[in-house]
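Here's the structure, in structure tokens; my notes come after.
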Amino acid sequence: MSTSVQTYSVEAKPRSTSLVAALLRRAPLIMMTVIFTLISFRYLSDPVRASAAEGIIFTRPGGITIARIGFAAFPLAFAILAFASLISARRRLAGLYMVLTVVSVVIAVRLFGILIDHSTDSARLFIPEFVLLALSIIAIRLESAMASR
């Protein structure tokens, strides 16, 4: 009974590596879909209570409708676009660029708000936002490499 290199499977390592790469390429889209869906449903179901928890109050019903559009409709639209990009290999790279753009703008506006309003109440959200930003960049590189093959 002899042992040689030819008798061992070399498929295990590439398969596990490709599985990790496939997960990393989809992670930002999954995260954006889940996060924005949760935000949207919170403001769709009870915008008055959800806003009041953040110190926002409404004095007219029209304000509540505007809150539903701004705090629920836009996040829901981004969640739907992220999900559509997730399930379509052809649209995945564009979806990842969308995630990168949205997260970059959110970080920039949060930083602007902290500087202008002198409030650090939401600064704790920088950590998950930067994680999503980094994952988006990694995913774009992986997806671009995959597309060029």
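Of all residues in region 88-124, how many are among the aliphatic types (A, V, I, L, M) and more than 16 Å from the chain's Cα centre (by Cα)? Quick ask: steps written out before the conclusion?
First pass over region 88-124, keeping only residues among the aliphatic types (A, V, I, L, M): 89, 93-94, 96, 98-100, 102-103, 105-109, 111, 114-116, 123.
Keeping just the survivors that are more than 16 Å from the chain's Cα centre (by Cα) gives 89, 109, 111, 114-116, 123.
Selection size over region 88-124: 7.
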*Being charged (D, E, K, R), farther than 30 Å from Ser148 by Cα and in a helix (DSSP H, G or I) narrows it down to one of Arg49, Arg90, so name that one.*
Arg49
*Quick one: which of Ala145, Ala82 is surrounded by 15 or more Cβ atoms within 10 Å (Cβ to Cβ) and part of a helix (DSSP H, G or I)?*
Ala82
*Restricting the first residue to region 48-69 and requiring it to be without any contact (Cβ under 8 Å) to a residue 24 or more places away in the chain, which pairs with a second residue that is of a type in the set (Lys, Arg) and surrounded by 12 or more Cβ atoms within 10 Å (Cβ to Cβ) meet a Cβ separation below 8 Å and a spacing of at least six or different chains?*
Ala50/Arg42
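Would you point out the residue of region 53-65, among those that are under 22 Å from Ser122 (Cα atoms) and of a type in the set (A, V, I, L, M, F, W, C), that is surrounded by the fewest Cβ atoms within 10 Å (Cβ to Cβ)? Spell out how you get there, then give the answer.
If we filter region 53-65 for residues that are under 22 Å from Ser122 (Cα atoms), which is where we start, we get 53-58.
Filter once more, keeping what is of a type in the set (A, V, I, L, M, F, W, C): 53, 56-58.
Values: Ala53: 10, Ile56: 13, Ile57: 8, Phe58: 15.
If we take residues in region 53-65 being under 22 Å from Ser122 (Cα atoms) and of a type in the set (A, V, I, L, M, F, W, C), then Ile57 is surrounded by the fewest Cβ atoms within 10 Å (Cβ to Cβ).
Read-outs: derived from the displayed coordinates by stated rules, not from any lab. Worth saying up front: this structure is predicted, and the values here are computed from it rather than measured. Using ideal geometry, Cβ is built from the backbone for each residue, glycine included, and neighbour counts are taken over all protein chains shown.
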